[in-house]
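Asks: Shown below is the structure under consideration.
Rule-based calculations on the coordinates, nothing more; no lab input. Bear in mind that the values here come from a model prediction, so they are computed numbers and not experimental data. Glycine also receives a Cβ, built like all others from the backbone with ideal geometry; neighbour counts cover every protein chain displayed.
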Amino acid sequence: MTAKVRIYTKGGDKGETSLLGGLRVPKFHDRIEAYGTVDELCSFIGLIADLQSREAPRKLLREIQERLFTTESLLAAEDPALLGKLPRLDEKDIRRLELEIDAMNESLPELRSFILPGGHPVVSYCHIARTVCRRAERNIIRLDRNEPVDPLIIQYLNRLSDFLFVFARKTAQDLGAGEIPWKPGKE
């Protein structure tokens with residue numbers, strides 16, 4: 001009989017955690033903030049995937065979650081020697097998002113104004129994921145100022161936020177929810 005692994009280690013009880021490689025850092029460290037926000041994004045994308053009625057978007061969102069886990073592992077590695085042992089993002093991952101954006105845009109009406117997030121719960125979750133993605137991107141750029149980050153990570157998150165915006169619009173269209181145009185100064 002094998003022993004169960006305990007989830008709790010008590011190692012973080014004093015406000016520190018370990019990066020890949022073992023270095024102990026405060027839980028507010030830029031690396032922790034960066035990959036923690038990517039983890040939050042990954043969770044929202046999982047929720048959106050769970051709410052999909054069709055297999056194709058669900059599968060695509062699961063692929064995105066896989067890329068985000070890759071991103072988290074790369075951000076958690078404080079020792080450059082570890083990077084060679086980890087999965088990597090590739091330019092084809094960014095291209096995949098661009099192709100999906102272009103395909104969705106084919107059926108969407110031209111955007112003539114800013115739109116407000118909402119109209120349907122799934123659309124709202126897409127917009128929440130988009131804003132979390134933008135925050136993750138900002139956190140990673142902050143980290144990159146002090147500790148170099150693979151530029152593909154920043155590019156991927158930048159493209160992913162664009163994807164999530166278009167995915168929200170496409171989801172609204174597919175659900176017949178329509179879009180809510182922003183009407184500044186009007187009630």
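Asks: Checking a compactness column here: for segment 114-168, what do you get for Rg(Cα) / (2.2 N^0.38 Å), N being the number of residues? Before the final figure, lay out the partial values.
Replies: Working: Rg = 12.8 Å, N = 55, 2.2 N^0.38 = 10.1 Å.
Relative to the rule-of-thumb radius for its length, segment 114-168 sits at 1.27.
Asks: Could you give the C-alpha radius of gyration of segment 1-110 expressed as a fraction of 2.2 N^0.38 Å, taking N as the number of residues it contains?
Replies: 1.36
Asks: How would you rank 54-61, 40-47, 71-78, highest first, on the average number of other Cβ atoms within 10 Å across their residues?
Replies: 71-78, 40-47, 54-61
Asks: Can you tell me the order of 10-17, 145-152, 28-35 when each peptide is scored by its average per-residue count of other Cβ atoms within 10 angstrom, highest first? Working shown, then result.
Replies: On the way: 10-17: 10.8, 145-152: 12.5, 28-35: 19.5.
Final packing ranking: 28-35, 145-152, 10-17.
Asks: Please list the non-local residues whose amide H lies under 5 Å from the amide H of residue 77, H modeled 1.01 Å from N, same-chain partners needing a gap of 5 or more.
Replies: For residue 77, whose amide H was placed from the backbone, the distant partners under 5 Å are 20.
Asks: Below 8 Å between Cα atoms, with a sequence gap of 6+, how large is the relative contact order for the chain in percent?
Replies: Reported relative contact order: 25 percent.
Asks: Sticking with this structure for a sec: Mind checking the full-extension length gain between residue 95 and residue 53? Use 0.36 nm per residue of separation minus the Cα-Cα distance, one decimal, nm.
Replies: Gain on extension, residue 95 to residue 53, equals 12.6 nm.
Asks: Would you kindly state how much longer the chain becomes between residue 10 and residue 131 on full extension, computed as 0.36 nm times their sequence separation minus their alpha carbon distance, in nm to one decimal? Write down the numbers at each step before the final one.
Replies: Working: separation 121, 0.36 × 121 = 43.56 nm, distance 3.22 nm.
40.3 nm is the gain from fully extending residue 10 to residue 131.
Asks: Sorted from fewest to most neighbouring beta carbons within 10 Å, what does the list 156, 125, 8 look like? Before the final figure, lay out the partial values.
Replies: Values: 156 27, 125 20, 8 7.
Exposure proxy ranking, most exposed first: 8, 125, 156.
Asks: Using only the Cα atoms, work out Rg/Rh for the chain, with Rh taken as the Kirkwood radius, to two decimals.
Replies: Rg/Rh: 1.03.
Asks: Which net charge results for the neighbourhood of residue 21, defined as the other residues with beta-carbon distances under 15 angstrom from its beta-carbon, given Lys and Arg at +1 and Asp and Glu at -1? Intermediate results must be reported in sequence, preceding the final value.
Replies: Values: positive: 24, 31, 85; negative: 16, 72, 78, 79, 147.
Residues near residue 21 contribute -2 overall.
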